[in-house]
Every structure is written in C-alpha cells, then in structure tokens.
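Undergrad: Quick one: the structure is below, questions incoming.
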Amino acid sequence: MENYYKLLGIMSSATEEEIKRALRRAAERQELELDEIRWCREYLLNPAAKAEYDKILHAENPDLAKEESEKAKEREKLRQKNKKSGGSDFLKLIGTGILVSIPMLWFTFKNGGTSSKPSVYQAQSACESAVTGILKSPSSADFGGWQRRENADGTFEISGYVDSQNSFGAMLRAQFSCSVDASGSQAKITYFR
C-alpha cells in the first residue's frame with residue numbers, strides 16, 4: 001500500500017489542517033500527479049477512511065510508528081536548540097553589523113563630518129541637474145557622451161549631450177558644458193547648443 005503521508009512529507013499523526021496544507025503545497029509545486037492528490041484527499045481527509053487506511057498502513061509497516069517517533073524527537077531537539085540559540089544569533093548579527101559600520105563611519109566622518117572632496121560623479125550629477133532645469137521637457141531628457149575632468153583647483157569641467165523634446169515635441173540633441181565648483185554642488189552651464 002502506498003504511504004500517502006510520506007508522499008506529502010508529513011507524519012501519520014498530522015492534523016487535518018496539516019494534511020490540507022501539505023496537499024495545497026504539493027499541488028502548487030506540482031510534486032504529485034492528480035490521481036495521487038485525489039487518493040490522498042480521499043484517504044486522509046475522510047475520518048472513517050483515514051482510520052481504516054492508518055490501520056492497514058501500520059499493519060503492513062510495523063516500524064512506521066517507531067520511525068515517526070524518532071523523527072518527531074529529532075524535530076523537537078532541533079526546535080529546542082534553535083529556541084535556545086535564537087537570541088544569541090540575533091545578538092551576533094547586530095554585533096557584526098556594528099563592527100562593519102564603525103570603520104565605514106570613521107572614514108566618512110574623519111574630516112569633521114564632511115568628506116574631503118566631491119567625486120566627479122557628484123559633479124556630473126550637479127551638471128545634469130543644471131541642464132535639466134533649462135530644458136522645455138525635462139522628463140524626456142536622455143543624457144550621454146559624458147566627459148569629466150577635475151581641474152588642479154578642485155573644480156570640475158563636465159560635458160556631454162542631451163536628447164530632449166522641444167516645445168513642439170520633436171527630439172533634439174544639444175551639446176553642453178558645465179563648470180562645477182570645488183564643493184561639487186554648484187554647476188554653471190558654460191556652453192549649451
């Protein structure tokens with residue numbers, strides 16, 4: 001006789017709700033054939049049929065109850081172990097996060113809370129914002145052809161092109177160039193055509 005409990009991955013002591021959950025999971029994952037699902041429902045969800053099925057199954061497999069008892073004990077041991085170590089695992093995770101964060105914060109704020117100098121990408125972002133501000137249709141802007149240069153005095157020269165719609169809806173390409181101050185936040189458009 002086929003062990004429908006084993007097919008569903010549950011023990012013969014499973015409740016009706018556990019059987020229904022296992023059937024749903026097996027159907028969703030398409031782990032069983034439709035006939036197997038039908039037989040599982042017929043034998044395991046009907047109390048009278050289940051009692052008869054269990055009687056025959058245990059008669060054919062006398063070691064089944066012993067195996068299930070051992071599995072239940074193993075699960076309980078694992079549950080207890082996880083319950084005991086659950087808090088300490090959480091504390092380990094928090095501790096690791098703090099240890100990783102401290103050096104990052106130190107490097108970020110070692111100069112009185114400000115980074116030493118902006119990156120060319122921050123300068124590019126400032127330039128992009130300035131160019132977007134003068135477009136007729138900023139939402140249609142598509143930037144490209146970026147060229148970035150950092151000057152000796154800490155300022156940046158950023159250039160590229162932008163494809164954008166004009167007031168008639170036609171896509172036009174414009175070349176631009178920006179000068180970005182040493183803070184990386186103020187961009188002045190020096191060329192736009």
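The values are calculated or read from the model by the stated rules, or taken from the named source; none is laboratory data. Please read these numbers as outputs of a predicted model, since none were measured by experiment. Virtual Cβ from ideal backbone geometry, glycine too; neighbours counted across all protein chains shown. Accessible surface areas use protein heavy atoms only, side chains included; no ligands, DNA or RNA. Shrake-Rupley method; radii C 1.70, N 1.55, O 1.52, S 1.80 Å.
Undergrad: If I go through region 1-18 residue by residue, how many of them are assigned to a helix (DSSP H, G or I), under 31 Å from the mean Cα position of the chain (by Cα) and surrounded by 15 or more Cβ atoms within 10 Å (Cβ to Cβ)?
TA: So the count comes out to 1.
Undergrad: Does at least one position in region 25-33 carry a residue that is closer than 15 Å to ASN3 by Cβ, touching a residue at least 40 places away in the same chain (Cβ under 8 Å) and surrounded by 14 or more Cβ atoms within 10 Å (Cβ to Cβ)? Show your work before the answer.
TA: In the first step, residues of region 25-33 are kept if they are closer than 15 Å to ASN3 by Cβ; the result is 26, 31-32.
After this cut, where a residue has to be touching a residue at least 40 places away in the same chain (Cβ under 8 Å) as well, the list is none.
No: region 25-33 contains no residue that is closer than 15 Å to ASN3 by Cβ, touching a residue at least 40 places away in the same chain (Cβ under 8 Å) and surrounded by 14 or more Cβ atoms within 10 Å (Cβ to Cβ).
Undergrad: Can you list residue pairs whose Cβ atoms sit under 6 Å apart, with the first residue in region 162-179 being more than 15 Å from PHE192 (Cα to Cα) and open to solvent by 90 Å² or more (accessible area, probe 1.4 Å) and the second being charged (D, E, K, R) and in a strand (DSSP E or B)? Count only pairs 6 or more apart in sequence or on different chains.
TA: Going by the 6 Å Cβ cut-off, the qualifying pairs are MET171/ASP163.
Undergrad: Moving to a separate point now. Across region 178-193, what is the number of residues that are part of a loop (DSSP other than H, G, I, E, B), more than 15 Å from ARG149 (Cβ to Cβ) and touching a helix residue (DSSP H, G or I) at 6+ places or on another chain (Cβ under 6 Å)? Spell out the reasoning first.
TA: Narrowing region 178-193 to residues part of a loop (DSSP other than H, G, I, E, B): 181-186, 193.
Remaining after also requiring more than 15 Å from ARG149 (Cβ to Cβ): 183, 185-186, 193.
Now narrow it down to the ones that are touching a helix residue (DSSP H, G or I) at 6+ places or on another chain (Cβ under 6 Å): 185.
Residues that pass the stated criteria total 1.
Undergrad: Please work out if ALA59 is within 17 Å of THR15 (Cβ to Cβ), assigned to a helix (DSSP H, G or I) and either touching a helix residue (DSSP H, G or I) at 6+ places or on another chain (Cβ under 6 Å) or open to solvent by less than 100 Å² (accessible area, probe 1.4 Å) (or both).
TA: On the way: within 17 Å of THR15 (Cβ to Cβ): no; assigned to a helix (DSSP H, G or I): yes; either touching a helix residue (DSSP H, G or I) at 6+ places or on another chain (Cβ under 6 Å) or open to solvent by less than 100 Å² (accessible area, probe 1.4 Å) (or both): yes.
In short, no.
Undergrad: Does region 127-150 include one or more residues that are farther than 16 Å from PHE192 by Cα, of a type in the set (Gly, Ala, Ser), open to solvent by less than 50 Å² (accessible area, probe 1.4 Å) and under 34 Å from the mean Cα position of the chain (by Cα)?
TA: yes
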